[in-house]
Every structure is written in C-alpha cells, then in structure tokens.
1. Just report the Cα centroid separation between the stretch 44-73 and the stretch 94-119, whole Å.
2. For Cα pairs less than 8 Å apart in space and 6+ apart in sequence, what is the mean separation divided by the residue count of the chain, i.e. the relative contact order in percent?
3. Sort 103-116, 36-49 by the packing proxy (mean of other Cβ within 10 Å over each peptide's residues), most packed first.
4. With a 10 Å radius around each residue's Cβ, average the other Cβ atoms per peptide and rank 11-20, 119-128, highest first.
5. Over the stretch 23-121, what portion of Cα pair distances is larger than 22 Å, expressed as a whole percent?
6. Rank these by accessible area, largest first, 1.4 Å probe: PHE28, PHE22.
7. When 1/r is averaged over all different Cα pairs and the result inverted, which Kirkwood radius in Å belongs to the stretch 70-122?
8. Counting only protein heavy atoms and using a 1.4 Å probe, what share of the accessible area of the chain belongs to carbon plus sulfur, as a whole percent?
Amino acid sequence: MRGSPPRVQRSTRQRRELLHLFQACEDFVSARSLHAVAESAGIAISLTTVYRTLRMLEADGGADVIRDLGGERLYRPRPVEGHQHYVVCRACGLSRAVESEQVELWAQGVAAATGFIGIDHVVELTGICRDCGRAAQPEPG
C-alpha cells in the first residue's frame, strides 16, 4: 500500500501529475521512461524536471533507488512501511521486496561499533526471475 505523495518543492501542476504517475508505478522506473509515460499521458514536462523531481523524492525519502547494469538510476515509490531492499531481475527488471531485517540490524551494529551516526546503506540483489530463467532454457528435445 502506498501512502500519499511526499512533499516536493515548487509544486506545479506538471509535478503533481508526474507524482501521481510515479505513485502508480509497480516496479522500478528510469527518469526517461517516466518522462515518456508522462508525455504519452499529455503532461508537458521536461526531462530535467523529471530528474529533479525524482532526486527530490529520493532525498525526502519518497523513493527507493537502485542502479541497472548500465549504471542508470531506477526509482520506485517507497512503501508506507519505509525503506526496503529488493531483488531485481537482470533480464526484465522485475523487482520484489525482500525481508531485510538482518541487513538493518547489521547497519545499526556498524553504527554502534564505529560511533558513526546517520549510517546509510545500499544493498542490491540481482538475479534472473523464474519466467526469464524458463525462457532462457532450451526446450528438451
């Protein structure tokens, strides 16, 4: 379940419409693909504004971010439950949230052991989803 869109600076009609489109995303999306969706929906918004909006969402905690194999940043609306980790298919981009309590506990332990505050971390799990794995296997003959 997704919460209400996070507050974004300089709320314009185009940004509000973009946020609505972004909140409807089920999987990770690039700024370019979100821009294409916005254009096809008749929203006149620049690619630069899409990038800025997604960066603000990330900074405000409204989006989770991963990088694809080419290094491009992909965004997904952060669930109401907060920060999550995902496993992402390298072939099709399908993503699924995964249990990550051990990662969070480890990060808290590192903070306590080192005296650091404001610890942040990135854990990226990638693989091949079941459907893509089946498609890649030759049929028995």
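The values are calculated or read from the model by the stated rules, or taken from the named source; none is laboratory data. Because the structure is predicted, anything quoted here is derived from the model rather than measured. Methodologically, a virtual Cβ is constructed for each residue, glycine included, from the backbone with ideal geometry; neighbour enumeration extends over all protein chains shown. In case anyone asks, the SASA skips ligands and DNA or RNA and just uses the protein heavy atoms, side chains included. Shrake-Rupley method; radii C 1.70, N 1.55, O 1.52, S 1.80 Å.
1. So the separation of the two Cα centres works out to 23 Å.
2. Worked out over the chain, it gives 21 percent.
3. 36-49, 103-116
4. 11-20, 119-128
5. 39 percent
6. PHE28, PHE22
7. Evaluated on the stretch 70-122, it is 13.2 Å.
8. That share works out to 53 percent.
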